[in-house]
1. For Gly94, what charge total do you get from the other residues with a beta carbon under 15 Å from its beta carbon, if Lys and Arg give +1 and Asp and Glu give -1?
2. Would you give the gap between the C-alpha center of segment 202-232 and the C-alpha center of segment 45-67, rounded to a whole Å?
3. Rounding to the nearest 10 and keeping the result within 0 to 90°, find how far the Cα-based axis of helix 129-138 lies from the longest principal axis of the chain.
4. Going toward the positive end of the dipole of segment 144-276, with +1 on Lys and Arg Cβ and -1 on Asp and Glu Cβ, which of Pro269, Ile218, Tyr248 do you reach last?
5. GNM, the chain, Cα, under 10 Å: largest mean-square fluctuation among Gly202, Gly149, Gly244?
6. Just want the ordering: Ser102, Ser127, from fewest to most Cβ atoms lying within 10 Å of their own Cβ.
7. If the chain between Lys140 and Ala160 were fully stretched, how many nm would it gain, using 0.36 nm times the residue separation less the Cα-Cα distance?
8. Which value at 222 nm does the chain reach when only helices count, each DSSP H run of 4 or more adding -39,500 (n - 2.57), with the total divided by all residues and rounded to the nearest 500 deg cm²/dmol?
Amino acid sequence: MAPVAYLGPLGTFSHLVARKRFRSDDRLVACPSIGAIFEFLLGDPAALAVVPVENSSGGTIYDTVDLLIENAGALFVTEEIALDVRIALLGRTGSPVRRIFSHFVQLQHHRDWLRTHYPEAKIEAVSSTAVAAERAAATKGGAALSAPGAAELYGLDVLARPSLDEKINITHFLVLSHRERPPVRPEEARTALAVSFGNECGSLYRFLEPFAKAGVNINRIISRPYPGHADRAVFFMEIDGAPGVPAYDGVIERARKRSLTFAEFGSYPCGRRFKS
């Protein structure tokens, strides 16, 4: 079966969503960075990859968007999936918590909760919540603010769930491949594009106008610098629809004619959502 690259190590949110989506640990290949994921994918025509594209609290993952734009024409998006990112305190039941590890963002986000519930514990920032779980497993009296799903991977127990997690944080991921896989239900699909146009007054409006008139929703539009052209931008977009949907078919050629560069990453299903 085709290998699936993801942002490691074991226990990252990328690992958890890849594990839930593909249901096979044997296929999964941990990579140390998003750049390394693309290198692995480009080096193996049979491979797939799962990359984060947006987090509901942290915003756009620009490394992913930039590398997609850089490799327009070579890679396709075959699916968009999402993960409810929840945080738990992982440790060992019955063992006093003396050191708590996590990514600094989580430590900051939960500082009041930690101060209230574990005022004597030493707090240590590490590079990721997965590394935090790994450190907790190797440390006497260690605990980690990490994904609940990491508990099983590192032999830990869920000790508590901070109340701040009443607000669900969602990360969206794209599944990438070398081959386009047309969606079964085009009317429920999305299409990803990378486009650029002249840098003059009204150029963005003129490009977007056909979408508004056709009633085609734009779910995501991200402006990035155009490589080698300081006076231009390239836009990564996700729009509703796919070939075979009348509104999509009617607008896509008009949009292409109003662009200087126009690349498609394929059409794909979206909406599958998992819990961490």
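Coordinate-derived values only; no laboratory data. Here the structure is a predicted model, which is why all the values come from computation and not from measurement. Every residue, glycine among them, receives a Cβ derived from its backbone with ideal geometry; neighbour counts consider all protein chains shown.
1. +2
2. The distance from the Cα centre of segment 202-232 to that of segment 45-67 comes to 20 Å.
3. That helix lies at roughly 20 degrees to the long axis.
4. Farthest along the dipole direction, towards plus: Tyr248.
5. Gly202
6. Fewest-to-most Cβ neighbours within 10 Å comes out as Ser127, Ser102.
7. Result: 5.4 nm gained on full extension.
8. -8500 deg cm²/dmol
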